[in-house]
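Student: Following this message is one structure expressed as structure tokens.
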Amino acid sequence: MGAIGGRSFSLPDPLLFRTDMRIKVINPNTTQSMTDKIGECARAAARPGTEIIAVSPVMGPVSIESHYDEALAVPGLLQEVATGELEQVDGYIVACFGDPGLLAARELARGPVIGIAQAAMHMASLVGTRFSVVTTLARTMGQAWHLAETYGMKRFCANVRACEIAVLDLEKPGSNARERIVDECRRALAEDGSDTIVLGCAGMADLCQHISGELGVPVIDGVAAATQLVESIVNLRLGTSKHGELAHPLPKPMTGLLSDFALPSRHKPLQRAA
């Protein structure tokens, strides 16, 4: 208990803050080196005591660069969420800037599920007035604009730019990807009227501090932003609403290749693929 100006106040009880949190970071593509990098970036942003479990699905595309890739990445993503529910994970991060399968994952999960595009855009709107998204391939720009509109962020989004770098080129030693991304971020500040940069790919997560140091402006990595948002939501004792649209999926048979995805009851989630 303390006092300011004669008025008393209570300090937060430290016991209210979780020190044993488990967050599952799901890279929806199957490239393990990218998953490892994403996991390291999430751990660097997490509070002491938070366990980061970084995984890739056992099936899906090696990179996500189209609507087709996104669609085929979702089943493996959902299996990882279902496994996390069995393991009592506290929250999840969808570590792909397209936020694939986000609402479906929220239907399965009790705790928060945060997509890195949604996290990065909202964070950028809190530290600047207009942001530019700098992403990999031009063909993914439409999805970034779509998400900005869906999330109510379009009025903050000055532009979406592409470096024409394939996602897996971010993993190649000796590539000039870093220099090309920095140059595109510099052009965004000069030409778009933006004051903040959002990195439009989880594979860029490790470049955040370097680019910010080069350009002297806030650079938002969605992996770090999502990690801290999940921690905050869990500490607030909040989870995904199960009233209405995000209620647990209705149990029904599935056929063919999706037969293992059937949910016989709301208390028996999907099993991890062998």
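The values are calculated or read from the model by the stated rules, or taken from the named source; none is laboratory data. Computed from a predicted model, the values in this text were never measured in an experiment. When we count neighbours, we look across all protein chains shown, and the Cβ atoms used for this are built from the backbone with ideal geometry, even at glycine.
Student: Within the bounds of the stretch 194-202, is there any residue that is in a loop (DSSP other than H, G, I, E, B), surrounded by 15 or more Cβ atoms within 10 Å (Cβ to Cβ), modelled with pLDDT of 95 or more and touching an Asp or Glu at 6+ places or on another chain (Cβ under 8 Å)?
Tutor: Looking for residues that are in a loop (DSSP other than H, G, I, E, B), surrounded by 15 or more Cβ atoms within 10 Å (Cβ to Cβ), modelled with pLDDT of 95 or more and touching an Asp or Glu at 6+ places or on another chain (Cβ under 8 Å), one finds none in the stretch 194-202, hence no.
Student: Also, quick follow-up: What do you reckon, is L207 touching a residue at least 12 places away in the same chain (Cβ under 8 Å), touching a Lys or Arg at 6+ places or on another chain (Cβ under 8 Å), assigned by TED's automatic domain parsing to the domain that holds L126 and surrounded by fewer than 16 Cβ atoms within 10 Å (Cβ to Cβ)?
Tutor: no
Student: Is it fair to say D169 is within 27 Å of D36 (Cα to Cα), at pLDDT below 95, surrounded by fewer than 19 Cβ atoms within 10 Å (Cβ to Cβ) and not β-branched (V, I, T)?
Tutor: It is true that D169 is within 27 Å of D36 (Cα to Cα), at pLDDT below 95, surrounded by fewer than 19 Cβ atoms within 10 Å (Cβ to Cβ) and not β-branched (V, I, T).
Student: Please verify whether V223 is within 30 Å of R18 (Cβ to Cβ), surrounded by fewer than 15 Cβ atoms within 10 Å (Cβ to Cβ) and either out of contact with any Phe, Trp or Tyr (no Cβ under 9 Å at 6 or more places or on another chain) or not polar (S, T, N, Q) (or both), treating the condition exactly as stated.
Tutor: No; evaluated as a whole, the condition is false for this residue.
Student: For H243, all conditions in the list (1) modelled with pLDDT of 95 or more; (2) in contact with a helix residue (DSSP H, G or I) (Cβ under 7 Å, 6 or more places away or on another chain) hold save one; what is the number of the exception?
Tutor: Among (1) modelled with pLDDT of 95 or more; (2) in contact with a helix residue (DSSP H, G or I) (Cβ under 7 Å, 6 or more places away or on another chain), H243 violates only (2).
Student: Pick from the stretch 226-261 the residues that are part of a loop (DSSP other than H, G, I, E, B) and among the hydrophobic types (A, V, I, L, M, F, W, C): which of them is surrounded by the fewest Cβ atoms within 10 Å (Cβ to Cβ)?
Tutor: Ranking the qualifying residues of the stretch 226-261, first place goes to L250.
Student: Hey, another quick one. Residues in the stretch 88-107: is at least one touching a His at 6+ places or on another chain (Cβ under 7 Å) and over 26 Å from L207 (Cα atoms)?
Tutor: Within the stretch 88-107, one or more residues are touching a His at 6+ places or on another chain (Cβ under 7 Å) and over 26 Å from L207 (Cα atoms).
Student: Considering every residue within the stretch 124-136, establish whether at least one is more than 20 Å from A205 (Cα to Cα) and either at pLDDT 95 or above or buried (at least 19 other Cβ atoms within 10 Å of the Cβ) (or both).
Tutor: Taking every residue of the stretch 124-136 in turn, at least one turns out to be more than 20 Å from A205 (Cα to Cα) and either at pLDDT 95 or above or buried (at least 19 other Cβ atoms within 10 Å of the Cβ) (or both).
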